[in-house]
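The structure appears right after this line, and notes come after that.
The values are calculated or read from the model by the stated rules, or taken from the named source; none is laboratory data. In this text, all values refer to a predicted model and were calculated from it rather than measured experimentally. Glycine also receives a Cβ, built like all others from the backbone with ideal geometry; neighbour counts cover every protein chain displayed.
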Amino acid sequence: MQKNKPTLVILAAGMGSRYGGLKQMDVFTPEGDTIIDFSLFDALEAGFGKFVFIIRKNFETEFKLAFDKKLKNKAEVVYVFQEVENIPVKYSNQNRIKPWGTGHALLMAKEVVSENFAVINADDFYGKEAFIEMAKSLINTDKNSYDFKMMAYLLKNTVSDFGYVSRGECKVNGENHLTEITERIHIEKIDNLIQFKDEIGEISIIDKNTIVSMNFWGFSPKIFDYTSKLFEQFLEENHNDLKSEFYIPLIISEFITSNKATVEVLKSDAKWFGVTYKEDKEVVQKAIQELKRKNVYPKHLWN
């Protein structure tokens, strides 16, 4: 077994409020596949050797029933929990219901990940080529380095027809390194134009060919210590704000502006798709059906 197989961390603690349910566990094929099933299948084929699920404690049983049997003897599987109260006691806020965002989720993996790893969202379909590209890059990266990775997508391929989405808007230099990332939490397609709303409610057009992050990152374990400090600073300033979230792009921005890390932008021709709204489901179902029809995936993934 290859010693330096990377790990895949799956962010699956979200509540799916806009979707209207636990979309991580929603089924998209007659065979009963979730979107996570395709990510796991692709990641195994690409050479990932361990899976870490970041979930909420109250759906642990559901996840174990869904994935333990499928992954048995194929990879190591670990479950860790992201709960609102998983923060230093002095910052706890009894009125907070929502977890603290993707950066907080990332920190939940700190005790169980000591190798290079990738991070994905549970409800996004990234495509086979994206996992191959990321695994290859992580296998060839020194785990003591600050050489990070980001899988890039074009904005026009990642928006929903049914409402607004959040994306990390990226700027990339001539050496293919990320120089800037801005979390846009309200991007929407209106009259065939893609627009975003900023924090003060101003609306601006954004180019459809803008490079965006879909939260598919590659890291060495070096990310954890500095991120812990950043999260502490974030809580110091925001613990009384019930809606504030600590996003991975915020962490990346700090690494880039302080010159602590480089982030190589990986490109894949894979078509991303995902579900933010209930109405997105039919689009994703048809896309997956087509991939199975073309034998990109077997009819039964886990036979």
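Before moving on, here are some points about what is shown:
- Checking Glu129, Glu111, Glu133 one by one, the residue that is surrounded by fewer than 16 Cβ atoms within 10 Å (Cβ to Cβ) and on the phi < 0 side of the Ramachandran plot is Glu111 and no other.
- Single condition Val159 does not satisfy, out of (1) part of a loop (DSSP other than H, G, I, E, B); (2) surrounded by 18 or more Cβ atoms within 10 Å (Cβ to Cβ); (3) of a type in the set (A, V, I, L, M, F, W, C); (4) more than 17 Å from the chain's Cα centre (by Cα): (4)
- Residues of segment 21-77 that turn out to be within 21 Å of Gly218 (Cα to Cα), in contact (Cβ under 8 Å) with a residue 60 or more places away in the chain and surrounded by fewer than 17 Cβ atoms within 10 Å (Cβ to Cβ), as a count: 1
- Residues located in segment 81-118, provided they are touching a helix residue (DSSP H, G or I) at 6+ places or on another chain (Cβ under 7 Å), part of a loop (DSSP other than H, G, I, E, B) and among the hydrophobic types (A, V, I, L, M, F, W, C): Ile87
Matching residues to (1) under 23 Å from Asn86 (Cβ atoms); (2) among the hydroxyl-bearing types (Ser, Thr, Tyr); (3) at pLDDT 90 or above:
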site: Asn192; (1), (2), (3): no, no, no
site: Asp198; (1), (2), (3): no, no, no
site: Gly218; (1), (2), (3): no, no, yes
site: Gln233; (1), (2), (3): yes, no, yes
site: Asn238; (1), (2), (3): yes, no, no
site: Lys260; (1), (2), (3): no, no, yes
site: Val263; (1), (2), (3): no, no, yes
site: Val296; (1), (2), (3): no, no, yes
site: His300; (1), (2), (3): no, no, yes
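- Any chance Leu44 is within 18 Å of the chain's Cα centre (by Cα), closer than 21 Å to Phe231 by Cα and part of a helix (DSSP H, G or I): no
- Just one of the listed residues (Asp142, Asp68) is of a type outside the set (A, V, I, L, M, F, W, C), in a helix (DSSP H, G or I), farther than 30 Å from Lys243 by Cβ and over 14 Å from the mean Cα position of the chain (by Cα), namely Asp68.
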